[in-house]
1. Being at pLDDT below 95, closer than 21 Å to Ala211 by Cα and of a type in the set (Gly, Ala, Ser) is the filter here, so list the residues in the stretch 134-158 that pass it.
2. State which residue is modelled with the highest pLDDT when the search covers only the stretch 269-295 and only residues that are open to solvent by 20 Å² or more (accessible area, probe 1.4 Å) and outside any loop (DSSP other than H, G, I, E, B).
3. Return yes or no: is Leu179 open to solvent by 30 Å² or more (accessible area, probe 1.4 Å), closer than 26 Å to Arg294 by Cα and under 25 Å from the mean Cα position of the chain (by Cα)?
4. Across the stretch 133-153, what is the total count of residues that are in a loop (DSSP other than H, G, I, E, B), touching a strand residue (DSSP E or B) at 6+ places or on another chain (Cβ under 9 Å) and open to solvent by 30 Å² or more (accessible area, probe 1.4 Å)?
5. Among the strands (runs of 3 or more DSSP E) contained in the stretch 59-132, which hold 1 or more residues that are of a type in the set (Ser, Thr, Tyr)?
6. Just to be sure I understand, how many residues within the stretch 182-212 are open to solvent by 30 Å² or more (accessible area, probe 1.4 Å) and farther than 21 Å from Val138 by Cβ?
7. Suppose we filter Gly221, Gly242, Gly215, Gly266 for residues that are farther than 30 Å from Gly281 by Cβ, crowded, with 17+ Cβ neighbours inside 10 Å and under 25 Å from the mean Cα position of the chain (by Cα); which single one remains?
8. Conditions first: (1) over 18 Å from Gly119 (Cβ atoms); (2) surrounded by fewer than 21 Cβ atoms within 10 Å (Cβ to Cβ). Trp58 passes all but one, so which condition is the exception?
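The values are calculated or read from the model by the stated rules, or taken from the named source; none is laboratory data. Not measured: the values here are computed from a predicted model. Cβ: placed from backbone, ideal geometry, glycine included. Neighbour counts: every protein chain shown. With ligands, DNA and RNA removed, areas are computed over all heavy atoms of the protein, side chains included. Shrake-Rupley method; radii C 1.70, N 1.55, O 1.52, S 1.80 Å.
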Amino acid sequence: MTQTAETLPTHHRLIIIGSGPAGYTAAVYAARAMLVPLLIQGIQPGGQLTITTDVENWPGDASVMGPDLMLRMETHAREMGARIVSDTVTRLDLSQRPFVLECDSGARLTADALILATGAQARWLGLDSESRFQGFGVSACATCDGFFYRGREVIVVGGGNTAVEEALFLTNFASKVTLVHRRDSLRAERILQDRLFKHPKVEVIWNHEIAEITGTDQPLGVTGVLLRSTGDGSTRMVGGDGVFIAIGHSPASELVKGQLELRDGGYVKVEPGSTRTSVPGVFAAGDLTDDTYRQAITSAGMGCMAALDAEQWLAAQGLAQGTTTPATATELPQPQVADG
């Protein structure tokens, strides 16, 4: 049975917050470095891959279920010596050393170093039918799932760069791509719009929004969407085998807002070529800082980087080996923070 943070020692050399590919990979590397890391899984253990079905782009696995892959990562981290607890950090204080964490269980922990791997969540439409078909025809990642729609018709929702890029990417597989936008013009860059409008496989439906996603129960799958006009409220049906929601992502950076420097969109800013944030001893990895690639493999790579960066930083502080005892809390200089 997974422990909660209140059952463990209160002080740790390294605490990892988040349990997707970035968090678990960081835990593996940190454990191998004898840092005895504590990983706090958060509200969704395993991250976004736990709501993904087939994964075909994880090296070494031609096909693996998302939840199974994340369970293997968790098991690997445990076997290397990482401590993993089922809890959620509700408050984080980066203004003093050691850093202070308060958890949903009531535990109050301190850490010499932190790795933030809380990820980002795709923004969804909020429809019941959307939730019903997630992983069974509804996706928020064309790069992840486009391959499954070879020779089939798909629908993309959105009007920004992400939506247009997803639609163009899907033309490599789908026989037809229908882009649905609730306004009469796109927000995407002009060069992307030009490519979209010129592509023979693409149709754009303006001034409509998705009212419902339709499909079958046996087997569970999408058959199309019910569109509603944003002008007169009239409805129409559009057939399709897959629906890609491309209305943006929200990084889970609420814990550090006002404490770490953030980029546009709320992503944590790190130094180029590293995972170092604006506060020494705090590192960030995965979708929390990556608004470009957002892939499991790139998140895992950043988790490796974060563990190596943290190990190097702890060594420089004389904290990488031996038993760590809680240091006397000292106020840190407040960083210049930009919330993005």
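1. Passing the criteria: Gly135, Ser139, Ala140.
2. Quick first cut of the stretch 269-295, residues open to solvent by 20 Å² or more (accessible area, probe 1.4 Å) only: 269-273, 276, 278, 280, 287, 291-295.
Remaining after also requiring outside any loop (DSSP other than H, G, I, E, B): 276, 287.
Numbers: Arg276: 98, Asp287: 92.
Among those residues, the one meeting the criterion is Arg276.
3. Values: open to solvent by 30 Å² or more (accessible area, probe 1.4 Å): no; closer than 26 Å to Arg294 by Cα: yes; under 25 Å from the mean Cα position of the chain (by Cα): yes.
Here the answer is no, as Leu179 does not meet what is asked.
4. Adding up the residues that qualify gives 2.
5. By residue number, 89-93, 108-116.
6. The qualifying residues number 15.
7. Numbers: Gly221 fails: crowded, with 17+ Cβ neighbours inside 10 Å; Gly215 fails: under 25 Å from the mean Cα position of the chain (by Cα); Gly266 fails: farther than 30 Å from Gly281 by Cβ.
Answer to the check: Gly242.
8. (1)
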